[in-house]
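Q: Let me begin by handing over the structure; questions about it come next.
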Amino acid sequence: MAVLASDGSNPDVSLLYDINGLARSAPPWFDRVMAYVGEYGIVLALVLTVLGCWWSVRRRGAPADSVSAVAGLVWAPLAAGIALLVNIPIRGFVERPRPFVDHRGLEVLVGGKTDFSFVSDHATLAMALAVGVFVAHRGFGLAAIGLALAEGFARVYMGVHYPTDVIGGLALGTAVALLLAPLALALLTPVVSAVARSGRGARLVRSRRAEAVRLPETVGIPESRVGGASTGAGRKDRKDLAA
């Protein structure tokens with residue numbers, strides 16, 4: 001296929017030089033940090049966001065809320081994996097070289113990139129994870145989407161992708177995570193619900209603390225009256241002893 005951007009008059013290439021030019025004027029230590037962040041750091045931060053969201057949703061809300069949220073979190077890495085698989089034929093069809101192959105003067109912060117450029121795997125993975133988290137929890141999801149956008153910027157800053165590579169990756173990750181979410185959640189929710197009703201596996205969906213808080217409602221006693229009922233029973237026992 002023809003290269004999507006080949007000359008400096010193309011806005012895609014101009015924006016590439018503008019963003020990557022920041023690396024040329026930045027101190028060397030900052031470029032090293034950006035290289036690590038863009039290659040590994042943001043993906044690690046997204047994984048920690050998924051784990052933080054899981055820890056939060058299993059401790060708050062109703063049991064049904066925990067089940068649906070955990071099902072969404074299970075879908076997040078699955079969506080990322082599917083999106084990466086979808087990207088394999090896209091890369092082979094477009095066959096777009098890395099920007100540093102066709103354009104001189106770029107500050108390339110990581111070496112060894114010999115595969116095709118469109119679509120960015122990192123941007124695809126990051127946004128699919130982020131949208132999956134958003135399906136499970138709005139607050140954590142917005143934070144994850146912010147990280148995914150930062151990942152896209154970092155890939156251009158590092159000189160290994162065109163801006164349109166990143167935009168394509170963000171769009172692909174979003175499309176896979178959102179369009180397949182209804183089917184995925186329809187399949188995953190009963191599985192997660194069964195885990196929640198099991199023995200030790202139930203703690204993956206619902207924490208002991210959350211179950212303890214809702215126990216009075218489960219047995220039909222309003223939580224606000226539990227303390228009063230116990231106190232009244234205690235007074236009655238003391239009267240019986242006095243008699």
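The values are calculated or read from the model by the stated rules, or taken from the named source; none is laboratory data. Computed from a predicted structure; not experimentally measured. Cβ atoms come from the backbone with ideal geometry, glycine included; neighbour counts cover every protein chain shown.
Q: Looking at the stretch 1-106, what helices (runs of 4 or more DSSP H) fall wholly within it and have at least 3 residues that are modelled with pLDDT under 90 and farther than 18 Å from A177 by Cβ? Break it down stepwise before answering.
A: Working: elements: 11-25, 28-36, 42-57, 63-94, 99-102.
Correct list: 11-25, 63-94, 99-102.
Q: Please find, among V219, V192, the residue that is modelled with pLDDT of 60 or more and either β-branched (V, I, T) or in the same structural domain as V94 (by TED's automatic domain parsing) (or both).
A: Working: V219 fails: modelled with pLDDT of 60 or more.
The conditions single out V192.
Q: Confirm whether P27 is in the same structural domain as V191 (by TED's automatic domain parsing) and over 30 Å from R203 (Cβ atoms).
A: Working: in the same structural domain as V191 (by TED's automatic domain parsing): yes; over 30 Å from R203 (Cβ atoms): yes.
Yes; evaluated as a whole, the condition is true for this residue.
Q: Could you tell me which residue of the stretch 151-194 is surrounded by the most Cβ atoms within 10 Å (Cβ to Cβ), considering only residues that are among the hydroxyl-bearing types (S, T, Y) and in a helix (DSSP H, G or I)? Show your work before the answer.
A: Within the stretch 151-194, the first condition is being among the hydroxyl-bearing types (S, T, Y), and the residues that meet it are 157, 162, 164, 174, 189, 193.
Then keep just the ones that are in a helix (DSSP H, G or I); that gives 157, 164, 174, 189, 193.
Numbers: Y157: 24, T164: 22, T174: 20, T189: 18, S193: 18.
That would be Y157.
Q: How many residues are among the charged types (D, E, K, R) and buried (at least 24 other Cβ atoms within 10 Å of the Cβ) when one looks only at the stretch 133-150?
A: Qualifying residue count, the stretch 133-150: 0.
Q: Determine whether A62 is in the same structural domain as Y157 (by TED's automatic domain parsing) and surrounded by 16 or more Cβ atoms within 10 Å (Cβ to Cβ). Give the steps one after another, and end with the answer.
A: Details: in the same structural domain as Y157 (by TED's automatic domain parsing): yes; surrounded by 16 or more Cβ atoms within 10 Å (Cβ to Cβ): no.
Against the criterion (in the same structural domain as Y157 (by TED's automatic domain parsing) and surrounded by 16 or more Cβ atoms within 10 Å (Cβ to Cβ)), A62 does not qualify.
Q: Answer yes or no: is there a residue in the stretch 103-112 that is farther than 15 Å from Y162 by Cβ, touching an Asp or Glu at 6+ places or on another chain (Cβ under 7 Å) and either surrounded by fewer than 17 Cβ atoms within 10 Å (Cβ to Cβ) or not assigned by TED's automatic domain parsing to the domain that holds V160 (or both).
A: For the stretch 103-112, residues farther than 15 Å from Y162 by Cβ, touching an Asp or Glu at 6+ places or on another chain (Cβ under 7 Å) and either surrounded by fewer than 17 Cβ atoms within 10 Å (Cβ to Cβ) or not assigned by TED's automatic domain parsing to the domain that holds V160 (or both): present.
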